[in-house]
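One structure is given here, and the rest of the page talks about it.
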Amino acid sequence: MDFLLFLPVLLFSVVVHEVAHAWVARREGDDTADRLGRITLNPIPHLDALGSIILPAILHFSGASFLFGWAKPVPVNPSKFRDPVWSDIRVSLAGIASNLILAAISTVLVVVMVKLETGTGSSVFGTLAAAAGFGVLINLILAFFNLIPIPPLDGSHVVYHLLPRSLGERYREFGRYGLLALVALFIFAPDFVWLVVLRPVELLMGAANAFIGLWI
């Protein structure tokens, strides 16, 4: 049952993340994603077979203690940006901002759904409250995971613009090995992952639960 609640919330969250990139890119002068139909909440154009379906299913059915996934990255053409530096930073951070906003909205929805469940006695609202609770956790994880400064994750765009150009280009080229670097990070540096991803998520989940506790 948890998987049936978790997966659609995960898919919705990663879709909103990518839509945010595409929408801000259009505002910054690049209509590439817009022309490809990526400014839509319809999940089909955003789905990545491995990251959106296969990996979450494997993690679930293998009994993993967590589920994760991603959508198809939004294509951008930085040469169209009005400002080559700040436009790129705003576009890259838009996805993270969208996940933080969704986490806040999900927190409020937990309160609303629990109140409705209490008032009506309907288990439907309890199920929706559980889904909203997943929304808080998923979106916080997505936000802080994408801040890891390994190309091509969103946080790497900020680091790139802080580096000297020659070093920045080599840093960006490292993105071709980004997935392997992330896997190595999770295996060989779990303390770092805990510090930059799980610890902030834990703190904000605590704040969200404290807020919820004030109302229910």
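When peptides 197-207, 85-95, 3-13 are ranked by their average number of other Cβ atoms within 10 Å per residue, the highest-first order is 85-95, 3-13, 197-207. Ordered by the count of other Cβ atoms within 10 Å of each Cβ, fewest first, 145, 81 give 81, 145. In the chain, Cα pairs under 8 Å separated by at least six residues give a relative contact order of 20 percent. Over the chain, the alpha carbon radius of gyration divided by the compact-protein estimate 2.2 N^0.38 Å works out to 1.08. Remark: spin-label model distance residue 161-residue 191 equals 3.3 nm, labels positioned 7 Å along the Cα→Cβ axis. Near residue 83, once Lys and Arg are set to +1 and Asp and Glu to -1 for all other residues with Cβ below 9 Å from its Cβ, the sum equals 0.
Working from label points 7 Å from Cα in the Cα-to-Cβ sense, the residue 61 to residue 184 distance is 3.2 nm. Residue ranges 177-189, 154-166 sort as 154-166, 177-189 when ordered by packing (mean number of other C-beta atoms within 10 Å per residue, highest first). Taking Lys and Arg as +1 and Asp and Glu as -1, the other residues whose beta-carbon sits under 15 Å from that of residue 14 total -1.
Charge tally for residue 171 (other residues, Cβ to Cβ under 15 Å; Lys, Arg +1; Asp, Glu -1): 0.
FYI, it's all coordinate maths here, none of it is from the lab. Quick caveat, the model's predicted, so the values are computed rather than measured. Don't worry about glycine lacking a Cβ; one is built from the backbone with ideal geometry, like all the others, and counts go over all protein chains shown.
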